[in-house]
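Quick notes on the structure that follows.
Derivation of every value follows stated rules applied to the coordinates shown; laboratory data play no part. As the structure is a prediction and not an experimental result, all values here were calculated from the model. Positions of Cβ are backbone-derived with ideal geometry, glycine not excepted, and every protein chain shown enters the neighbour counts.
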Amino acid sequence: MKLSNGGVIVNLVVGDITEFSGDAIVNPANRYLVMGGGVAGAIKRKGGEEIEKEARRYAPIDIGQAVVTGAGRLRCRAVIHAPTVEAPGGSSSPEYVYKATLAALRVAKERGFKSLAFPLMGAGVGGLTPEQSVEAMAKAFEELGQGLEIYIYVLREDVLKTVAEHLKKLGWVEV
């Protein structure tokens, strides 16, 4: 499903984000770039330990910053690590998700990336609802998402429906 707002298009996908074959996957990291659970753990399991080893060289980084590493055995070209929590297993907030999403978009543009896959940043381990997550992400997409091919991956059809309905309430339209 594709939704648009202000010239920004977001593709909603039910699937495994580690199968994304575009430019970069965004990892909702912790400030120490330890890749334990959730999306980070899945990226490390599928892509290899070298992703975490490379990321850890930059740690700690602040929320609102992002770093790029290789993608190991993943199909994409790179992983963008953007902290949404202070420490591993910590709680996120809409403000952290907004800052992390903006940082990921900024770094993607600096690197010339065109296609990015996001999970629901700050949801899951971070504790936000899908609605809280996508609302904060959408705000960042509206500011810096122009010219990028943006994908949001979720694991279940019911979550995709929830996310799509919430985006529509925020003024996004199906295309």
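All conditions but one from (1) in contact with a strand residue (DSSP E or B) (Cβ under 9 Å, 6 or more places away or on another chain); (2) closer than 26 Å to G7 by Cβ apply to G112; the one that does not is (1).
Which of the residues belonging to the range 38-51 are of a type outside the set (A, V, I, L, M) and under 18 Å from A117 (Cα atoms)? Walk me through how you get there before you give the answer.
Going through the range 38-51, the residues of a type outside the set (A, V, I, L, M) turn out to be 38, 41, 44-50.
Answer for the range 38-51, where residues must be of a type outside the set (A, V, I, L, M) and under 18 Å from A117 (Cα atoms): G38, G41, K44, R45, K46, G47.
Could you look through the range 122-140, keep only residues that are under 11 Å from the mean Cα position of the chain (by Cα) and in a helix (DSSP H, G or I), and pick out the one that is surrounded by the most Cβ atoms within 10 Å (Cβ to Cβ)? Even if it seems obvious, please write down each step before you answer.
Of all residues in the range 122-140, those under 11 Å from the mean Cα position of the chain (by Cα) come to 122-123, 133-134, 137.
Filter again for in a helix (DSSP H, G or I), leaving 133-134, 137.
On the way: S133: 28, V134: 29, M137: 31.
Residue satisfying both the conditions and the ranking: M137.
Here A55 clears all of (1) within 21 Å of G89 (Cβ to Cβ); (2) of a type in the set (G, A, S); (3) out of contact with any Ser or Thr (no Cβ under 9 Å at 6 or more places or on another chain) except the condition numbered (3). Scanning the range 108-118 for residues that are assigned to a loop (DSSP other than H, G, I, E, B) and either among the β-branched types (V, I, T) or buried (at least 24 other Cβ atoms within 10 Å of the Cβ) (or both) returns no hits.
Restricting attention to the range 152-175, the residues that are touching a residue at least 60 places away in the same chain (Cβ under 8 Å) and either over 17 Å from G122 (Cβ atoms) or in a loop (DSSP other than H, G, I, E, B) (or both) add up to 12. Figure legend. Inter-residue proximity from the range 11-39: first residues more than 10 Å from V79 (Cβ to Cβ) and without any contact (Cβ under 8 Å) to a residue 60 or more places away in the chain, second residues in a loop (DSSP other than H, G, I, E, B) and small (G, A, S), beta-carbon distance below 6 Å, spacing 6+ or different chains. Indicated pairs: Y32/A59; L33/A59.
Scanning the range 141-162 for residues that are touching a helix residue (DSSP H, G or I) at 6+ places or on another chain (Cβ under 8 Å) and more than 20 Å from G64 (Cβ to Cβ), we see that the one that is surrounded by the fewest Cβ atoms within 10 Å (Cβ to Cβ) is G147. In the range 122-135 there is at least one residue that is under 17 Å from I17 (Cβ atoms), touching a Gly at 6+ places or on another chain (Cβ under 7 Å) and hydroxyl-bearing (S, T, Y).
For (1) charged (D, E, K, R); (2) in a helix (DSSP H, G or I); (3) surrounded by 15 or more Cβ atoms within 10 Å (Cβ to Cβ), each residue gets a yes or a no:
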{"site": "N27", "(1), (2), (3)": "no, no, yes"}
{"site": "L33", "(1), (2), (3)": "no, no, yes"}
{"site": "I43", "(1), (2), (3)": "no, yes, yes"}
{"site": "E50", "(1), (2), (3)": "yes, yes, no"}
{"site": "P60", "(1), (2), (3)": "no, no, no"}
{"site": "R73", "(1), (2), (3)": "yes, no, no"}
{"site": "P88", "(1), (2), (3)": "no, no, yes"}
{"site": "E95", "(1), (2), (3)": "yes, yes, no"}
